[in-house]
Amino acid sequence: MRPMIVGAMQRELRSLDILEHWIEENTGSAYLPEARSLGDLVGQAREDLVTHRPSGAADGSSPTAAIIEHLPAQVRETVSARIEADAVILYDENVSRTVDEVLGTALAALAGNVDYGGREDVRSFFDVLLLEVTRFVVSRYNLSKATYPGVAYLFNRDADNPPLEADLQHDFVNFLMGSRLAEICRPEARDLGGGRVDVLFTYRWMKTTSELKRSFPKLTLSDLVDRYGPQAISYQGTNIALSMLMVLDLHDRAGAQPDIRDQIGVHHRTVADSSVETAVVLFRVQGKRHTPSDVPEAALTPSGASQARDE
């Protein structure tokens, strides 16, 4: 069984465990008159998962979510929030401290932004976006074609038929539709700054965007923002001065990819002599890759420090 399937099953079993514990705690409560039958549903869902039988959940819905729908309306949100909080704890315990460092650096760089630094609701909104988009970039850094064929475009080294920007967009949107951002994102949204954006995120009064590009020449993160940032910034002129730019980098680095700390960064720019500086968070996704076992010696770029150690 593929690791992704095993991981998904483990997460679902954990969610069922939490739900079962909650049902046991509330047996006899006026809010839960059908505790025994709900417990039976949890047991059946767990057995279906372990034996790989189809569950009774609707397509696109997890067994846990299907059981929660049987709960009285006034307690559904409480149970969902508890499961979500537990999932956050599990993620925090397993997240790479290197990735955590990348997020911390980005948050610190955003502090001076007029909206991020001045509005708590904006900060909360954008922090969640930053976390989820970082998860996407990290997963695409690590996933292999064998585990998830959807990342094959990142290993396409055909100079005559390179991957398209649309390949990145399809992959990113699919990821978002399975994330906690599914309800607040919309691809191909129009009427922002007079144009159409690749992905729009909307929550309450706040809107921000993720613009997707592909690039062939060797460019630094700052160069990429200079080249594509003006478009990303131009969507934000009547809302928060925060935007995201994701670039599929097709410069061939001998099939290797830089450290994740070199793939994500915050840059501040203005357009049209505006007095308001917009923060652009750049996410670089490396293409034209080899699997690690095929990365050649040509990929090495010794620094002065490493050369000194080797002498």
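So the values come out like this:
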quantity: Gain on full stretching of the segment that runs from D226 to T202 - 0.36 nm per residue minus C-alpha separation; calculated: 6.1 nm
quantity: Separation of the A272 and E132 label points, Cα + 7 Å toward Cβ, nm; calculated: 2.9
quantity: Segment D121-E25, length gained on full extension (0.36 nm per residue, minus Cα span); calculated: 31.2 nm
quantity: Relative contact order %, region 187-305, counting alpha carbon pairs below 8 Å whose residues are six or more apart; calculated: 24
quantity: Linear extension gain, N161 paired with S293, 0.36 nm per residue minus alpha-carbon span; calculated: 45.1 nm
quantity: Candidate lysines - alpha carbon under 27 Å from K145, same-chain residues fewer than 8 apart omitted; calculated: K213, K218, K288
quantity: Region 154-311: C-alpha gyration tensor shape, a/c 1.5 cut-off, then a/b vs b/c; calculated: prolate
quantity: Modelled FRET efficiency - R0 22 Å, L107 with D259, Cβ distances, 0.05 increments; calculated: 0.70
quantity: Separation of the F216 and R186 label points, Cα + 7 Å toward Cβ, nm; calculated: 3.5
quantity: Label-point gap, in nm, between T301 and R36 - each point 7 angstrom along Cα→Cβ; calculated: 6.8
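Where a number appears in this text, it was derived from the coordinates with a stated rule and is not lab data. Keep in mind that this is a model prediction, so the values were computed, not measured. Counting neighbours? That spans all protein chains shown, and the Cβs are built from the backbone with ideal geometry, glycine included.
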